[in-house]
Structure formats: structure tokens, C-alpha cells
Amino acid sequence: SAVISQKPSRDICQRGTSLTIQCQVDSQVTMMFWYRQQPGQSLTLIATANQGSEATYESGFVIDKFPISRPNLTFSTLTVSNMSPEDSSIYLCSVELTSGTLGGYTFGSGTRLTVV
Amino acid sequence: ILNVEQSPQSLHVQEGDSTNFTCSFPSSNFYALHWYRWETAKSPEALFVMTLNGDEKKKGRISATLNTKEGYSYLYIKGSQPEDSATYLCAGANQAGTALIFGKGTTLSVSS
């Protein structure tokens, strides 16, 4: 199974600044997914990142606020831009272990972001 | 699967108690259901992937059942231990190769 290294594990940031979260996978994967969990809410999909093309964003999420890079098949970054306290969440990256959802998914250990 | 719901939101039991939680989902366009265990500061850990109506899976003291016709899955923990304390997430998908849709989770706390 794939192993994902996600960093930073946590950060406290000032409002108006930006934070870039990195995920490194130990094997090549086609799709990477970015989620966030706001307090008391479910894990919500932000976007799907494919190598070589622009990320696909879910309703309510836009590229200007959450730009994503996917330069190769093992790495991706998510930037949280112009942060406000409402962006305080846990952010997770995820990859599909094998083709199709029957293979399951693996996750990074998360980035706990607090915006003050 | 557009909406996955879990209940209860939180649960507190004593060591040795058995417990169960519920995950419900729309029965139309069902493809697969996943259960994860998530401890603070760790990655969500995959427990089960279930696809067939009537599926029952077991991993140690934890087991799960699936009813796709009525749209629910149960997760059971037998003889709860303090190390079982975590948030248990249920997630569904309505086709292969897509991202999972998660419920809000059930947070279990087991006291010794």
C-alpha cells in the first residue's frame, strides 16, 4: 500500500496570509484528492488533482482560494490563500490504492490549521 | 452517493462494553462503502470496504454489515478497549475511481 508523507502537521497562521501543504507519495498514483474537515463537520472533498492537468474543484471551492499543484505522479501541494478564521480545519490528502474504489484509499496524517 | 449520515455523533462506553454505530446512505447508485478509524494526529486507517448486499466483514473485535437495499451499514465493536477510542468514519462512492463522500463520523470514547 502507498505511504503518504504530509507536512506541515500543524500550523498557526495570521489571517490574510497563505499556507502551502505538501503531500509526497512513495509510489506513482494517478489521482490525488484533497479534503478538509472543519470543526464538527465531515471530511469534505476540495478537489481532485491529476498530473498534467488542472485540478477539478468541488462546488464551493475555487482555484484562487485553494490553488493546487501536481507536478508529477508522486507529489502535490494545496495552498490555502488569504486565510481567515473560517479556514481553520484539518486538511488531508488522499490517494487511491488501486484502480476503482474497491482498492480502498490511503491518507496523509493531516495538517491541522488554526487561523488567528 | 450524495449524502452519508452517521449516528450517533459521539458515544462513551466502559471498557468491556460492546457497541455499534450506524451509517446510512442513498440506496440508489451504490457502488462501495468504506469504514475508517481515525485517531487524532494520525492518518485515517482503513477498516473495511464493502460492496455486496448482505456483506459481513470482521477484523478482530470489529465487524461490519451492509444492507444496500435499505441503505445502511452497521459497525460493531465487541468488548471495547480504551485503545478503540477514535472517530469512526463511513464513506461511500457511487462509481469506481471517484473520491469518497464521508459522513461526519462517530467519536467513540472508552473508559477503563
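The values are calculated or read from the model by the stated rules, or taken from the named source; none is laboratory data. All figures in this text were calculated on a predicted structure; none of them were measured in a lab. Virtual Cβ from ideal backbone geometry, glycine too; neighbours counted across all protein chains shown. Note: areas computed on protein heavy atoms with side chains; ligands, DNA, RNA excluded. Shrake-Rupley method; radii C 1.70, N 1.55, O 1.52, S 1.80 Å.
From the list A:Thr114, A:Thr30, A:Thr17, A:Thr74, which residue is touching a residue at least 12 places away in the same chain (Cβ under 8 Å) and either under 11 Å from the mean Cα position of the chain (by Cα) or closer than 25 Å to B:Ala32 by Cα (or both)?
A:Thr30 is the lone residue from the list that is touching a residue at least 12 places away in the same chain (Cβ under 8 Å) and either under 11 Å from the mean Cα position of the chain (by Cα) or closer than 25 Å to B:Ala32 by Cα (or both).
Out of the residues in the range B:59-79 that are among the small types (Gly, Ala, Ser) and more than 10 Å from the chain's Cα centre (by Cα), state the one that is farthest from the other protein chains (Cβ to nearest Cβ).
Selected residue: B:Gly79.
Go through (1) farther than 28 Å from A:Arg36 by Cβ; (2) polar (S, T, N, Q); (3) over 14 Å from the mean Cα position of the chain (by Cα) for B:Asn3 and report which single condition fails.
Failing condition for B:Asn3: (1).
Just for strands (runs of 3 or more DSSP E) wholly inside the range A:46-115: which have at least 3 residues that are within 12 Å of another protein chain (Cβ to nearest Cβ), hydrophobic (A, V, I, L, M, F, W, C) and crowded, with 20+ Cβ neighbours inside 10 Å?
By residue number, A:89-96.
Can you name the strands (runs of 3 or more DSSP E) wholly within the range B:41-110 that have at least 2 residues being open to solvent by less than 50 Å² (accessible area, probe 1.4 Å)?
Because the criterion is at least 2 residues that are open to solvent by less than 50 Å² (accessible area, probe 1.4 Å), the strands (runs of 3 or more DSSP E) in the range B:41-110 that meet it are B:45-50, B:62-67, B:72-77, B:86-93.
Yes or no: A:Gly40 among the small types (Gly, Ala, Ser), open to solvent by 50 Å² or more (accessible area, probe 1.4 Å), closer than 26 Å to B:Tyr88 by Cβ and not in a strand (DSSP E or B)?
In short, yes.
Hey, among the residues in the range B:31-40 that are assigned to a loop (DSSP other than H, G, I, E, B) and hydroxyl-bearing (Ser, Thr, Tyr), which one's farthest from B:Leu100 (Cα to Cα)?
Out of the qualifying residues, it is B:Thr40.
Quick test of your reading of the structure: A:Tyr35 fulfils all but one of (1) over 15 Å from A:Arg112 (Cβ atoms); (2) surrounded by 14 or more Cβ atoms within 10 Å (Cβ to Cβ). Name the failing condition by number.
Evaluating A:Tyr35 over (1) over 15 Å from A:Arg112 (Cβ atoms); (2) surrounded by 14 or more Cβ atoms within 10 Å (Cβ to Cβ) leaves (1) as the failure.
Search the range B:41-93 for residues being in contact (Cβ under 8 Å) with a residue 40 or more places away in the chain and β-branched (Val, Ile, Thr), and hand back the single one that is farthest from B:Thr19 (Cα to Cα).
Checked the range B:41-93; the qualifying residue farthest from B:Thr19 (Cα to Cα) is B:Thr68.
Within the group B:Glu45, B:Glu56, which residue is among the acidic types (Asp, Glu), in contact with a strand residue (DSSP E or B) (Cβ under 7 Å, 6 or more places away or on another chain) and at the interface with chain A (Cβ under 9 Å from one of its Cβ atoms)?
B:Glu45
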